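Here the structure comes first, spelled out in structure tokens, and everything after it is commentary.
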Amino acid sequence: MRKIQIGVMGSAADLSYSKKIEKIAFRIGQLLAQNNCITVYGAEKDYDSLSTAAARGAKSADGMTVGVTYGKGKDIWDKENNTDVIICSGLERGGGREFVLVNSCDAIIIVSGGSGTLTESAIAYQLNIPIVAMVGTGGWADKLADTYIDERERFKVIPAKTPEEAVSLAIDLAQKNKSN
């Protein structure tokens with residue numbers, strides 16, 4: 001039986017998130033691994049991110065990670081071997097890479113987040129991929145929590161207050177969505 005693939009999307013380091021928020025992303029990755037899920041994340045080439053922190057967390061618990069990167073080549077920022085599989089999309093940031101990334105997930109968890117996380121959330125919404133927002137982390141996670149992304153009202157972005165709640169909700173939603 002195929003393992004559940006949960007994406008963790010969040011701010012890149014150029015948005016200057018706090019160590020507290022980074023620890024939340026790390027914990028989400030740990031919990032995904034402990035629940036036998038594959039952590040899927042946006043593998044950056046030039047700096048750290050909350051998504052990479054989640055991959056580090058997953059690897060700390062012996063989990064499997066898949067990093068989807070932009071452009072060509074497997075040279076990603078994370079040099080610590082926290083990525084089991086690197087998917088080179090050949091596409092650039094701003095929609096192409098994000099589509100491949102999100103479309104590879106059964107559900108996504110957003111932590112804080114800038115424009116890339118907004119793009120990933122919009123893609124997930126259009127693809128009917130469930131979204132869990134880690135509230136209290138700022139960025140698009142706080143802005144989108146408990147809302148519909150548009151007037152179609154397909155589904156609400158589900159708020160979570162703790163990493164444990166976020167992972168539990170994402171797994172439940174992914175199990176319901178997995179056959180899609």
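The values are calculated or read from the model by the stated rules, or taken from the named source; none is laboratory data. If you're wondering where the values come from, they're calculated on a predicted model, not measured in any experiment. Positions of Cβ are backbone-derived with ideal geometry, glycine not excepted, and every protein chain shown enters the neighbour counts.
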Qualifying residue in the stretch 143-161 (condition: under 20 Å from Q34 (Cβ atoms), more than 15 Å from the chain's Cα centre (by Cα), of a type outside the set (G, A, S) and modelled with pLDDT of 95 or more): yes
For a quick check of your reading of the model, give me the residue pairs whose first member lies in the stretch 142-163 and is under 13 Å from L127 (Cα atoms) and touching a residue at least 12 places away in the same chain (Cβ under 8 Å), whose second is of a type in the set (V, I, T) and outside any loop (DSSP other than H, G, I, E, B), with beta-carbon atoms closer than 9 Å and at least 6 apart or on different chains. I149/I131; F155/I131
Conditions (1) part of a helix (DSSP H, G or I); (2) within 26 Å of G63 (Cβ to Cβ); (3) hydroxyl-bearing (S, T, Y) -> T83 fails only (1)
Could you run through the stretch 144-169 and say how many residues are part of a loop (DSSP other than H, G, I, E, B) and either surrounded by 15 or more Cβ atoms within 10 Å (Cβ to Cβ) or charged (D, E, K, R) (or both)? 12
How do the pairs read when you match residues in the stretch 100-116 that are among the charged types (D, E, K, R) with residues anywhere that are surrounded by fewer than 24 Cβ atoms within 10 Å (Cβ to Cβ) and outside any helix (DSSP H, G or I), using Cβ under 6 Å and keeping only pairs 6 or more apart or on different chains? D106/I4; D106/Q5; D106/K178
With the condition kept exactly as written, say whether any residue in the stretch 33-48 is over 15 Å from V167 (Cβ atoms), in contact with a strand residue (DSSP E or B) (Cβ under 7 Å, 6 or more places away or on another chain), surrounded by fewer than 24 Cβ atoms within 10 Å (Cβ to Cβ) and aromatic (F, W, Y). yes
Can S121 be described as more than 19 Å from N35 (Cβ to Cβ) and either surrounded by 14 or more Cβ atoms within 10 Å (Cβ to Cβ) or not aromatic (F, W, Y) (or both)? yes
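Please find, among G136, G116, G90, the residue that is within 30 Å of D46 (Cβ to Cβ), at pLDDT below 95, small (G, A, S) and out of contact with any strand residue (DSSP E or B) (no Cβ under 9 Å at 6 or more places or on another chain).
On the way: G136 fails: at pLDDT below 95; G116 fails: out of contact with any strand residue (DSSP E or B) (no Cβ under 9 Å at 6 or more places or on another chain).
Exactly one residue qualifies, and that residue is G90.
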How do the pairs read when you match residues in the stretch 69-96 that are over 21 Å from A122 (Cα atoms) and touching a residue at least 12 places away in the same chain (Cβ under 8 Å) with residues anywhere that are acidic (D, E) and in a loop (DSSP other than H, G, I, E, B), using Cβ under 7 Å and keeping only pairs 6 or more apart or on different chains? G71/E92; I76/E44; W77/E44; W77/D46; W77/D48
Reported set for the stretch 128-143 where residues are assigned to a loop (DSSP other than H, G, I, E, B) and within 12 Å of I109 (Cβ to Cβ) is I129, P130, V135, T137
